[in-house]
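To start, the structure under review is shown below, and the notes come after it.
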C-alpha cells in the first residue's frame with residue numbers, strides 16, 4: 001500500500017488496526033492462483049488480516065485504481081512514465097502500477113472466498129472508477145464505512161437479506177445487493193477453473209436481478 005505521507009499512513013493503519021486487524025506479512029501471499037487478463041501469474045499480499053475469523057480481509061488504498069489490464073502492460077506504461085522525467089513519481093505509480101490496477105483487484109476478489117474481502121479507500125473513487133469496480137466485482141467502500149460493510153458481509157453470509165447502500169459526497173448513490181452477490185460468487189466459484197483468469201466472473205452486475213439494483217443511481221450501461 002502507498003500513502004501520501006507518513007502521517008496519513010499512521011492514521012490509516014491506526015483506524016484499521018483498531019477494528020481488530022493486523023498487518024499482513026511481506027510474504028503472506030494469497031493462497032490462490034492469480035492470473036492477469038493475458039494469463040500471466042502474479043502473487044499478491046493483502047494489507048490487513050482480521051483477528052476474528054469471520055471478518056473480511058482488507059486492501060487499503062488512498063486513491064482510485066487504474067485500468068491496466070495485465071502486469072506486463074502496467075510495467076511498460078509505468079517504466080515509460082518514470083523515464084519521461086515529467087510528473088510526480090507517486091502519481092505515476094498510482095496511474096500505471098500493477099499493484100494499483102482495478103483488474104488485479106478484480107481477480108483477487110474473484111479468487112478469494114465470497115464476501116470475505118473488502119477494498120477500502122480514504123478518498124472516494126470517481127463516477128467512472130465506481131462503474132469499473134462494480135463491473136469487475138470489486139467489493140469496496142470508503143474507510144468510514146468499513147466497519148459497517150464488514151458487519152453487513154458477515155450477516156449476508158449467514159443468510160440475512162442485506163442491501164448495503166453508499167452515497168458519495170457529490171451525490172452518487174449505489175447499492176450492493178450482498179445476498180445476490182454472495183449467491184452469484186458462490187455459483188461462479190463452483191464452476192470456475194481455479195487455474196484460469198477469473199476477473200469479471202465473480203458477480204458481474206449484468207447477472208444480478210434488476211430489482212437488486214433498483215436503488216442505484218449509477219448508470220451501469222453507459
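In region 146-165, the residues that are closer than 13 Å to residue 114 by Cα reach residues that are surrounded by fewer than 18 Cβ atoms within 10 Å (Cβ to Cβ) with C-beta atoms within less than 6 angstrom, at least six apart or across chains, in these pairs: 154/54.
Please report, ordered by residue number, the helices (runs of 4 or more DSSP H) entirely within region 1-115 with at least 3 residues that are out of contact with any strand residue (DSSP E or B) (no Cβ under 9 Å at 6 or more places or on another chain) and closer than 22 Å to residue 144 by Cα.
Working: elements: 6-17, 71-84, 89-96, 102-111.
Once the helices (runs of 4 or more DSSP H) in region 1-115 are filtered for at least 3 residues that are out of contact with any strand residue (DSSP E or B) (no Cβ under 9 Å at 6 or more places or on another chain) and closer than 22 Å to residue 144 by Cα, what remains is 6-17.
Candidates in region 134-145 are the residues that are at pLDDT 90 or above and part of a helix (DSSP H, G or I); of these, the one that is nearest to residue 186 (Cα to Cα) is 145. Against the criterion of being at positive phi and loosely packed, with under 15 Cβ neighbours inside 10 Å, residue 137 does not qualify. Of the residues 151, 126, the single one that is surrounded by fewer than 20 Cβ atoms within 10 Å (Cβ to Cβ) and at pLDDT 95 or above is 151.
Could you go through region 64-80 and let me know if any residue there is under 28 Å from residue 154 (Cβ atoms), free of Cβ contacts under 8 Å to residues at least 40 places away in the same chain and surrounded by fewer than 19 Cβ atoms within 10 Å (Cβ to Cβ). For region 64-80, residues under 28 Å from residue 154 (Cβ atoms), free of Cβ contacts under 8 Å to residues at least 40 places away in the same chain and surrounded by fewer than 19 Cβ atoms within 10 Å (Cβ to Cβ): absent.
Could you list, in sequence order, the residues of region 154-175 that are within 14 Å of residue 134 (Cα to Cα) and surrounded by fewer than 18 Cβ atoms within 10 Å (Cβ to Cβ)? Scanning region 154-175 gives 165, 172, 173, 175. Taking region 176-187 as the range and being in contact (Cβ under 8 Å) with a residue 40 or more places away in the chain and surrounded by fewer than 17 Cβ atoms within 10 Å (Cβ to Cβ) as the test, only 186 passes.
The values are calculated or read from the model by the stated rules, or taken from the named source; none is laboratory data. Please read all numbers here as calculations on a predicted model, not as lab measurements. Backbone-built Cβ (ideal geometry, glycine too); neighbour counts: all protein chains shown.
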